[in-house]
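Student: Okay, handing you the structure first.
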Amino acid sequence: MPQFDVYINPVPSSRRRYPLVVMLQSDLLSERSSQVVAPMAPRRGLSDTSNRLSPVVSIDDDQYVVLVTSLVTLPIRELQKRVANLSRHRDVLLGAVDLLFYGV
């Protein structure tokens, strides 16, 4: 499962608010049974929450806020419907992870 792949949120109770999740875990650890993901919320309807810890990314014509401060692990078997890849947003996504864990 490639890093930065985006999937439909497999958790029914949170799917309405966070319809997508993005894989942030390195490809080097892809053999693990679970993966670290960040939930993604549609930007429309949210107050201006974009900052370095909550980068805004585009998928087709829609914008989403990646909630890096809300990382979770999900079983790989539940991540079934891949809808996009955010490799083009690599720098801002890794910048958010760096700020969260290293303060830089």
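Student: Using a simple spin-label model with points 7 Å from Cα along the Cα→Cβ vector, what separation in nm is obtained for Asp60 and Ser34?
Tutor: Each label point lies 7 Å from its Cα, and together they span 3.1 nm.
Student: From the gyration tensor of the Cα coordinates in segment 5-102, what semi-axes in whole Å does the equivalent ellipsoid have, largest first, with each one equal to sqrt(5λ)? Kindly include the intermediate steps, with their values, before the conclusion.
Tutor: On the way: eigenvalues 75, 55, 30 Å².
In descending order the semi-axes read 19, 17, 12 Å.
Student: If you plug each phi of segment 89-94 into the Karplus form 6.51 cos²θ - 1.76 cosθ + 1.60 with θ = phi - 60°, what whole-Hz ³J(HN,Hα) values come out, in order, with x for Gly and Pro?
Tutor: Running phi through 6.51 cos²θ - 1.76 cosθ + 1.60 with θ = phi - 60° gives 9, 3, 4, 6, 5, 5 Hz.
Student: Follow-up. What distance in nm lies between label points placed 7 Å from Cα along the C-beta direction at Ser26 and Val72?
Tutor: Reported label-point gap for Ser26 and Val72 is 2.5 nm.
Read-outs throughout are calculated quantities, based only on the coordinates presented, and are distinct from any laboratory measurement. None of these values were measured; they are calculated from a predicted model. Counting neighbours? That spans all protein chains shown, and the Cβs are built from the backbone with ideal geometry, glycine included.
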